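Novice: I'd like to ask you about the structure that follows.
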Amino acid sequence: MSNQHRFRIAAIPADGVGREVVAAGRDVLDALEARSGGRFGFHWEEFPWGSDYYAEHGVMMPDDGLEKLRNFDAIYFGAVGWPTVADHISLWGLRLRICQGFDHWANVRPVNFLPGITSPLRKADTVELDWVVVRENTEGEYAGLGGRNLSARGAGGEVAVQSALFTEVGCERIMRFAFDLARTRTRKKVASVTKSNAQQYGMVLWDDTFRRVAADYPDVETESVLVDAMAAKFVLHPEDLSVVVASNLNADILSDLGSALAGSLGLAPSANLNPERRYPSMFEPVHGSAPDIAGMGICNPIGAIGSAAMMLTHLGLPDEAKKINAAIEATTAQGLLTRDIGGNASTKAVTEAIIKNLPD
Ligand code: GGG
């Protein structure tokens, strides 16, 4: 890392609590920069895209939005979705437009227990959680293929088709990503998830590709599990999992279940990666915009701050990322918790405590 390296970061807080948690993450990164003795810094540019932008312009982001983002080192995203805009318009108009436009084909979603947090699983057991859900992030059920109004049957007779797209190239690259990740972990295991007994084309291609790729990783344990059985396994045998690789929709659902089992959706960080680094990758909390608590100063900033740590690892600052994760752990261990995890601390109080707990 060269001295005085300044990373160009595009911030897109977008909707609801996205604004509060992006501000919190930026405060933590600014604090690290201030302590870095000029070793590194961040040049921020904030983009006001989202549902308010839609109300004014009729689009979630401008037509040349991807061009505007292209030369940044990374994108730091909040959350998308607001009651004034239909959910499929806001999601496709912003988050999915960026992920698909920048070929963010790997969405990495770690799930861990943090100290001081009781969760549905922890109440029942003393089991530890240490998973990474790897979500295929550009095709599958999110390919956007299909249509509505496909019949002329009139009121009550409408027909819609929603197709999933599975390509062998798309399946293979996400599986190799999952296996390579498993090789870096204590438990070298990849569990692949489908519903291939019912989805007999794309998901059978997924299963066949998984078997072929697994043959190149004889040192990594494997299993193929149907998504309904995997949901049960998350709850009943969490100790038997390490890396879980799944299609776009299945992984989205399972990672929400995983973070709820760890205590709250508000805790979960994520990285939308273009592993070839042709485009800037995007880092965001797994949670959405939470309109019910937006603007109240009570949302959990930990998912967004953990995502900032993932961004630092991606930018080549893994030691700084470790400092953030250590500070998060120290803060929850002190019992400084937002409401979603049983406390009454504000977003600001938790953020300030994390900054105070940053190791030198
Ligand atoms: N920060 C994540 C976010 O804004 N999620 C909103 C959402 O509805 N996501 C659904 C999806 O991406 O599958």
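Novice: Check whether at least one residue in segment 7-19 is part of a loop (DSSP other than H, G, I, E, B) and farther than 17 Å from E284 by Cα, and report yes or no.
Specialist: No.
Novice: Turning to a different aspect of this structure: Would you check if T138 is assigned to a loop (DSSP other than H, G, I, E, B), among the hydroxyl-bearing types (S, T, Y) and closer than 30 Å to I341 by Cα?
Specialist: no
Novice: Sticking with this structure for a sec: Report yes if V80 is in the same structural domain as E276 (by TED's automatic domain parsing) and in contact with a Leu (Cβ under 6 Å, 6 or more places away or on another chain), otherwise no.
Specialist: It is true that V80 is in the same structural domain as E276 (by TED's automatic domain parsing) and in contact with a Leu (Cβ under 6 Å, 6 or more places away or on another chain).
Novice: A further question follows. Taking Q162 as meeting all but one of (1) surrounded by fewer than 15 Cβ atoms within 10 Å (Cβ to Cβ); (2) touching a strand residue (DSSP E or B) at 6+ places or on another chain (Cβ under 7 Å); (3) part of a helix (DSSP H, G or I), write down the number of the exception.
Specialist: The one condition Q162 does not meet is (3).
Novice: Determine if segment 140-149 includes at least one residue that is closer than 26 Å to V21 by Cβ, in the same structural domain as A215 (by TED's automatic domain parsing) and either surrounded by 21 or more Cβ atoms within 10 Å (Cβ to Cβ) or more than 14 Å from the ligand (Cβ to nearest atom) (or both).
Specialist: Within segment 140-149 (the criterion being closer than 26 Å to V21 by Cβ, in the same structural domain as A215 (by TED's automatic domain parsing) and either surrounded by 21 or more Cβ atoms within 10 Å (Cβ to Cβ) or more than 14 Å from the ligand (Cβ to nearest atom) (or both)), the answer is no, since none of the residues qualifies.
Novice: Condition first: away from the ligand (no atom under 16 Å from the Cβ) and either crowded, with 20+ Cβ neighbours inside 10 Å or in a loop (DSSP other than H, G, I, E, B) (or both). Now tell me which residues in segment 104-113 satisfy that.
Specialist: F113
Novice: Sticking with this one: Taking V204 and the conditions (1) assigned to a helix (DSSP H, G or I); (2) closer than 27 Å to E128 by Cα, which numbered condition does it fall short on, given that it satisfies the others?
Specialist: The number of the failed condition is (2).
Novice: Assigned to a loop (DSSP other than H, G, I, E, B), at positive phi, of a type outside the set (V, I, T) and within 12 Å of the ligand (Cβ to nearest atom): which single residue out of G116, G81, G38 fits that description?
Specialist: Unique residue meeting the criteria: G81.
Novice: Please work out if S281 is hydroxyl-bearing (S, T, Y), within 16 Å of the ligand (Cβ to nearest atom) and out of contact with any Ser or Thr (no Cβ under 7 Å at 6 or more places or on another chain).
Specialist: yes
Novice: Of all the residues that make up segment 309-341, how many are within 16 Å of the ligand (Cβ to nearest atom) and either under 19 Å from G263 (Cα atoms) or assigned to a loop (DSSP other than H, G, I, E, B) (or both)?
Specialist: Adding up the residues that qualify gives 1.
Novice: For segment 80-98, which residues satisfy the criterion of being surrounded by 22 or more Cβ atoms within 10 Å (Cβ to Cβ) and under 25 Å from R277 (Cβ atoms)?
Specialist: Once the filter is applied, which keeps residues that are surrounded by 22 or more Cβ atoms within 10 Å (Cβ to Cβ) and under 25 Å from R277 (Cβ atoms), segment 80-98 yields V80, L94, R95, I98.
Yes/no matrix, rows are residues, columns are (1) without any contact (Cβ under 8 Å) to a residue 40 or more places away in the chain; (2) touching a Pro at 6+ places or on another chain (Cβ under 6 Å); (3) under 22 Å from F77 (Cα atoms):
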| residue | (1), (2), (3) |
| --- | --- |
| L317 | no, no, yes |
| E320 | no, no, yes |
| E329 | no, yes, no |
| I341 | no, no, no |
| T347 | no, yes, yes |
| K356 | yes, no, no |
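Novice: Kindly list the number of the only condition in (1) in contact with a Leu (Cβ under 9 Å, 6 or more places away or on another chain); (2) within 12 Å of the ligand (Cβ to nearest atom) that fails for H88.
Specialist: (1) is the only condition that H88 fails.
Novice: Restricting to segment 255-265, name every residue that is surrounded by fewer than 24 Cβ atoms within 10 Å (Cβ to Cβ) and within 12 Å of the ligand (Cβ to nearest atom).
Specialist: D256, L265
The values are calculated or read from the model by the stated rules, or taken from the named source; none is laboratory data. None of the values given here were measured: they were computed from a predicted structure. Glycine also receives a Cβ, built like all others from the backbone with ideal geometry; neighbour counts cover every protein chain displayed.
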